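Have a look at the structure below before the remarks.
The values are calculated or read from the model by the stated rules, or taken from the named source; none is laboratory data. All figures in this text were calculated on a predicted structure; none of them were measured in a lab. Because the Cβ atoms are built from the backbone with ideal geometry, glycine has one as well, and the counts that use them run over all protein chains shown. These accessible areas exclude ligands, DNA and RNA; they are computed on the full protein's heavy atoms, side chains included. Shrake-Rupley method; radii C 1.70, N 1.55, O 1.52, S 1.80 Å.
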Amino acid sequence: MNRPAALVNKKFRSTGIGVVQEKAMVALLALCALMTVGITVGIIVMLIGESWNFVQSEYVSLSGFLTGTEWTALQSKDIEKAQFGIWPLLSGTLRVTFIAMLIALPCGLITAIFLSEFASNRVRAILKPTLEVIAGIPTVVLGYFAVLVVSPSLQFFSGGGFDTFNATSAGIAVGILCLPMVSSLSEDALHAVPRALREGAYGLGCTPFETAVKVVVPGALSGIISAFLLAFSRAIGETMVVALAAGTRATFTADPREQSQTMTGFIVEMIKSENEYGTVQYFSLYAVAITLFVITFGMTLVGQLIRRRYQEVYS
């Protein structure tokens, strides 16, 4: 009688210890989640606070910042003559991003379709590691690649029609940077489409190409669009490539041959400058940063809405 009772007591004691350990792990996980939220809130509060100092400056107006087409924050020695219109920086960012997406989106999707639907195991074993190598290249290396290879090539084929630093070379490098992301995420979305849909299309007489384009791609549309939007946000937020290859002159134009200082490029240049804390140029860094944050946050929301709109649920 005493031995079974001891075993029961030991079982209850071990169960009690297990409950305590489980509660401790749940508390640790909750703490980590709260830390993530807290860090995000802290960043937003910091951006808003420092940007408010920029808007409150006597040399800046909110309307001029949002609608102005000149940005000379670091070029003007006289602060009273400095212009703080965000559109030249936004124009440069969009030019580089648009060129990058022209490369990354179609090439990435085509590569994903080929790997998912047509490639043999041998080809896949070669192509997949190649994409992973591209994804692992440091962005500073791609930036120097754009400066030393892409830009001279553009000048050679155009007869000197491009600036030494230009939006096209930076966009090509950023497109190469985003291509593995689009390819990998799109391939995962294509693999998630059930095999039964492919077999049904084959049963109706569709060719493998027709099945891939008319059945598999529409079935994975939500995942593909999410990959596109993620690559778009990645291109907008890219820093090192554009800081090296795009140029340092903010230009409000659609010409991809000219210099194109982006928002991230200006942030890097501002940090390297000799402007002290408390100057309007210093606070302009945070105004540009919060603008970039709002754009990327908006892209995330749009991505969520699109994903919910086109998401397919397979049983």
Of all residues in segment 26-72 being of a type in the set (S, T, Y) and assigned to a helix (DSSP H, G or I), the one that is surrounded by the fewest Cβ atoms within 10 Å (Cβ to Cβ): S63
Hey, which of the helices (runs of 4 or more DSSP H) in segment 213-272, taking only ones fully inside, have at least 3 residues that are more than 30 Å from I110 (Cα to Cα) and in contact (Cβ under 8 Å) with a residue 60 or more places away in the chain? 263-272
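Matching residues to (1) closer than 12 Å to I86 by Cα; (2) in contact with a strand residue (DSSP E or B) (Cβ under 9 Å, 6 or more places away or on another chain); (3) surrounded by fewer than 21 Cβ atoms within 10 Å (Cβ to Cβ); (4) of a type in the set (V, I, T):
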residue	(1), (2), (3), (4)
T262	yes, no, no, yes
V268	no, no, yes, yes
E274	no, no, yes, no
T279	no, no, yes, yes
Y282	no, no, yes, no
A287	yes, yes, no, no
T291	yes, no, yes, yes
T296	no, no, yes, yes
Please give the number of the condition L221 fails out of (1) under 22 Å from the mean Cα position of the chain (by Cα); (2) over 27 Å from G85 (Cα atoms); (3) open to solvent by less than 30 Å² (accessible area, probe 1.4 Å). (3)
Give the residue, chosen from A170, A125, that is under 28 Å from E187 (Cα atoms), out of contact with any strand residue (DSSP E or B) (no Cβ under 9 Å at 6 or more places or on another chain) and open to solvent by less than 60 Å² (accessible area, probe 1.4 Å). A170
Inspect all residues belonging to segment 5-25 and state whether any of them is at pLDDT 85 or above, open to solvent by 80 Å² or more (accessible area, probe 1.4 Å) and not charged (D, E, K, R). yes
Qualifying positions in segment 131-154 - surrounded by 12 or more Cβ atoms within 10 Å (Cβ to Cβ) and either of a type in the set (G, A, S) or more than 30 Å from E258 (Cα to Cα) (or both): L131, A135, G143, A146, S151, S153
